[in-house]
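Laboratory data are not the source of any read-out in this text; all were calculated from the coordinates shown. Note that the structure is a prediction, hence the values are computed from the model and not measured. Neighbour counts run over all protein chains shown; Cβ positions are idealised from the backbone, glycine included.
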Amino acid sequence: MQDADIANFFPGNGQTRVLGDGTLPTNFIQLVTADGYSRYRALTVKWDKRFAKRFQYTASYALSRLNTTNTDGLGQGGGVLVNRNVAANYGPGQLDRTHRLTMNGIVEIPGGVRVSLLSSQSSGLPQSIIVGSADIYGTGISGSLLPGSTRGALGRGIDTVDKLNALIRNYNLQYAGKLNPRNQRLPYLFEYGPNVKFNDSYISQDLQVSKIFRIRERVRIEGTAQVFNILNISNLVGAAGLPSSPFNGTLTTLAAASDGGAPAGFKVGSDGGLFTTTGDRVLGGVNRASGFGSLSAVRPSIPTGTGLPRAFQFGARFSF
């Protein structure tokens with residue numbers, strides 16, 4: 001495209017000129033940018049006692065809310081979910097934790113032994129609810145938000161399986177089987193049973209015991225023993241399998257028949273729920289594989305000391 005053509009199609013008044021038939025020229029390239037913004041609000045309270053009389057402790061609590069239109073700084077969470085509409089992507093971010101309580105303390109006991117404890121507790125993470133890989137609005141985004149939900153709605157406004165299933169049934173009545181603007185047939189959705197869990201909280205208690213052994217006046221060895229996640233609590237922050245693992249937000253879909261109806265072997269109830277021909281309600285993760293991942297992915301791949309299964313660590317430091 002020559003400079004004159006560029007001036008013609010971008011006249012400078014915020015509009016784009018088109019050809020006489022209402023289309024853009026074949027050599028015209030349209031650029032779409034994904035701008036974003038976020039807002040973090042928090043109330044923090046801290047109670048601190050400095051080391052004196054052989055012990056110290058600190059307790060802090062934060063009540064916070066992180067809303068964003070894009071991925072967070074650590075790359076977690078989905079990117080653009082609604083194309084060409086920044087505001088429609090606004091909602092709780094993947095790192096949003098409503099409540100966070102952290103306590104730690106150090107005490108020296110007879111014999112020169114020092115015991116340290118770190119306790120961390122926080123509420124669950126939000127998740128966006130995605131209709132498989134369906135492009136509901138024909139915007140080119142594979143995996144649209146479930147109609148009636150926003151980014152991060154699962155575990156926040158939609159905090160029970162019943163609320164999730166209500167939106168799924170409404171989708172089956174209003175959208176499933178219909179064609180999107182790209183002439184693609186939209187799939188049906190499975191509901192989920194009461195054993196599906198999401199919004200799992202984070203809890204971890206870590207303990208360290210240390211003692212200094214003096215060899216000479218300027219030579220000493222400090223031995224340490226650490227235990228992470230003493231209570232061995234499963235912090236399920238990622239996708240995994242039923243029934244004791246969290247829901248990852250990707251809904252199970254069923255391709256519609258060519259005429260838009262449910263395929264052979266299934267039928268749609270008057271409430272929007274899917275049923276088998278024998279009248280049994282169809283459930284994701286039960287009647288068909290879903291987006292829950294594998295049982296081996298129950299716990300997150302994160303460093304020791306941040307909620308993994310109970311772990312022990314021993315060390316020694318030599319000083320002179």
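The residues neighbouring Ala256, those whose beta-carbon lies less than 12 Å from its own, together hold a net charge of +1 under the Lys/Arg +1, Asp/Glu -1 convention.
To the nearest 0.05, what FRET efficiency results for Asn104 and Ser133 with a Förster distance of 56 Å applied to their C-beta separation? Once rounded, the FRET efficiency stands at 0.80.
When each of the peptides 213-219, 159-165 is scored by how many other beta carbons lie within 10 Å of its residues on average, the order from highest to lowest is 159-165, 213-219.
Backbone amide hydrogens, once placed in the peptide plane, bring Ala257 within less than 5 Å of Ala262, excluding anything fewer than 5 places away on its chain. Return the FRET efficiency for the residue pair Val227, Ala264: r is the Cβ-Cβ distance, R0 is 45 Å, and the value is rounded to the nearest 0.05. So, using R0 = 45 Å, E works out to roughly 0.20. Applying 1/(1 + (r/R0)^6) with R0 = 45 Å to the Cβ-Cβ distance of Tyr61 and Ala316 gives a FRET efficiency near 0.80. Full extension of the chain segment joining Ser142 with Gln174 gains 9.6 nm, where the gain is 0.36 nm per residue of separation less the Cα-Cα distance. Of Val131, Val286, Val86, the sequence from fewest to most neighbouring Cβ atoms within 10 angstrom is Val86, Val286, Val131.
Ordering Arg310, Arg100 from the fewest to the most neighbouring beta carbons within 10 Å gives Arg310, Arg100. Inter-label distance, Ala52 to Ser38: 4.0 nm, where each label sits 7 Å from its Cα along the C-beta direction. All other residues whose Cβ lies under 14 angstrom from that of Gly140 are scored, Lys and Arg at +1 and Asp and Glu at -1, for a net of +1.
Would you order Val82, Val45 from fewest to most other beta-carbon atoms within 10 Å of each residue's own beta-carbon?
Fewest to most other Cβ atoms nearby, the residues stand as Val45, Val82.
If you take all other residues with their beta carbon under 10 Å from the beta carbon of Arg169, and give Lys and Arg +1 and Asp and Glu -1, the sum is -2.
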